[in-house]
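Report on the structure given below.
The values are calculated or read from the model by the stated rules, or taken from the named source; none is laboratory data. In this text, all values refer to a predicted model and were calculated from it rather than measured experimentally. Cβ placement follows ideal geometry from the backbone for every residue including glycine, while neighbour counts extend to all protein chains displayed. Ligands, DNA and RNA are stripped out before the accessible areas are found, and what is left, the full protein with its side chains, is counted by its heavy atoms. Shrake-Rupley method; radii C 1.70, N 1.55, O 1.52, S 1.80 Å.
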Amino acid sequence: MITNLAKNKEYGVGVRGVGYYVPEQVVTNHDLAKKIDTSDEWISTRIGVKERRRAAANENLSDLATESGKRAIESAGLSPEDIDLIILARVDPDHIDPSTSFLVQHKLGAKNAAAFDAVIGGCPGSVYAIAIGANFVATGACKNVLVIGGDILSRNLLNWNDRNTCCFFGDGAGAMVLSRVEKGKGIQSYLLEVDGSRYDTCIIPAGGNAMPITNENVYDESVRYLNMDNKGVWNFATTVFPDSIARVAKEAGLETKNIDMVIAHQANINIIRTSLEKLGLGMEKTHTTIEKYGNTGGASPFITLTEAVDLGKVKAGDKIAFVSFGAGLAWASMLLEWSSEDDFI
């Protein structure tokens, strides 16, 4: 599905504020090499990660999400009471029920906001959730929507004896506030797609209805934790990353060479480099955080965008492309024009 959001809508949708939060505990490649058969050189070269963050025992997803949301709201120059809706893209919640977004709403003091969890499968969830939030703003249903992506993957979902997964991931949360701008400004187009035939490429087999956790399998590492076909993910990502960006750019009437910044899901530095080469773009057209934070799932584009903004790499009028991809197999991309303070209405 590809959509031109700038047409036939009541309002344009701009990014008014951004923010992120990562836990304090740092886990370096050297730390991992003491426990599993790996090395700093192997991880740095093949993945691009030097270190990642791990949540403390007393930190839950709602804590990370709340802090990132608070920072995004402050960046937007708004108060929590100004937020109409909170969307939390995540995999592992504080509790199975109720939705973790409800607790985030309470912790933020966003008493006027509705909230829901968007369980889209982790890594692809960021752009999916932004697209959902953008439609609430574009139709006039909401004035300000807070979109958060985050997870604590380290606690329940990763096998710390499996270098094919644990070397990649880190904990964190990122957020953005979407607000009304003049029609035609802000988000121009987005693409949301999925290929369910590759459902098993990146999967946690146990814990759902298909395979409940039992006394027999609770310690079975082959089904209890994330399983990932790394080669399959590579082939998939290096295809859909450049293709989806080219398509949303075309839908927005923009040539890919005129994209000012690509904000990508931080899955692997070589996926990013290879995909940009296919688009005819250099690494100067992107910003990365994988080296410091690893793959933070649905949080990674929010974290990376926030850091790029803080470093002055993004300015009003810039054409920004987002892309996310992962379990499902699902992928999404978006093209927007970065808004100025004067654009918001």
Within the set of pairs 6+ apart or on separate chains, which have a first residue in region 69-98 that is free of Cβ contacts under 8 Å to residues at least 12 places away in the same chain, a second that is part of a helix (DSSP H, G or I), and C-beta atoms under 8 Å apart? Ser79/Ile73
Matching residues in region 233-255 (touching a strand residue (DSSP E or B) at 6+ places or on another chain (Cβ under 8 Å), open to solvent by 10 Å² or more (accessible area, probe 1.4 Å) and not small (Gly, Ala, Ser)) number 5
Selection within region 247-256 - more than 19 Å from Asp195 (Cα to Cα) and assigned to a helix (DSSP H, G or I): Ala249, Lys250, Glu251, Thr256
Wholly enclosed strands (runs of 3 or more DSSP E) of region 1-109 bearing at least 1 residues surrounded by 15 or more Cβ atoms within 10 Å (Cβ to Cβ) and touching a Cys at 6+ places or on another chain (Cβ under 6 Å): 85-89
If we keep only residues of region 296-317 that are open to solvent by 10 Å² or more (accessible area, probe 1.4 Å) and in contact (Cβ under 8 Å) with a residue 24 or more places away in the chain, then the residue farthest from Leu158 (Cα to Cα) is Ala316
Lone qualifier among Ile43, Ile47 - being out of contact with any strand residue (DSSP E or B) (no Cβ under 9 Å at 6 or more places or on another chain) and of a type in the set (A, V, I, L, M, F, W, C): Ile43
The strands (runs of 3 or more DSSP E) lying wholly within region 123-223 that contain at least 1 residues that are more than 16 Å from the chain's Cα centre (by Cα), surrounded by 14 or more Cβ atoms within 10 Å (Cβ to Cβ) and of a type in the set (Lys, Arg) are 172-181
Checking the condition touching a Pro at 6+ places or on another chain (Cβ under 9 Å), more than 27 Å from Asp151 (Cα to Cα) and open to solvent by 10 Å² or more (accessible area, probe 1.4 Å), which residue from Glu341, Glu277, Glu337, Glu284 passes? Glu277
Run Ile263 past the list (1) open to solvent by less than 50 Å² (accessible area, probe 1.4 Å); (2) in contact with a Ser or Thr (Cβ under 7 Å, 6 or more places away or on another chain); (3) over 29 Å from Arg163 (Cα atoms); (4) not charged (D, E, K, R) and report the number of the one that doesn't hold. (3)
Would it be correct to say that Thr201 is without any contact (Cβ under 8 Å) to a residue 24 or more places away in the chain and hydroxyl-bearing (Ser, Thr, Tyr)? no
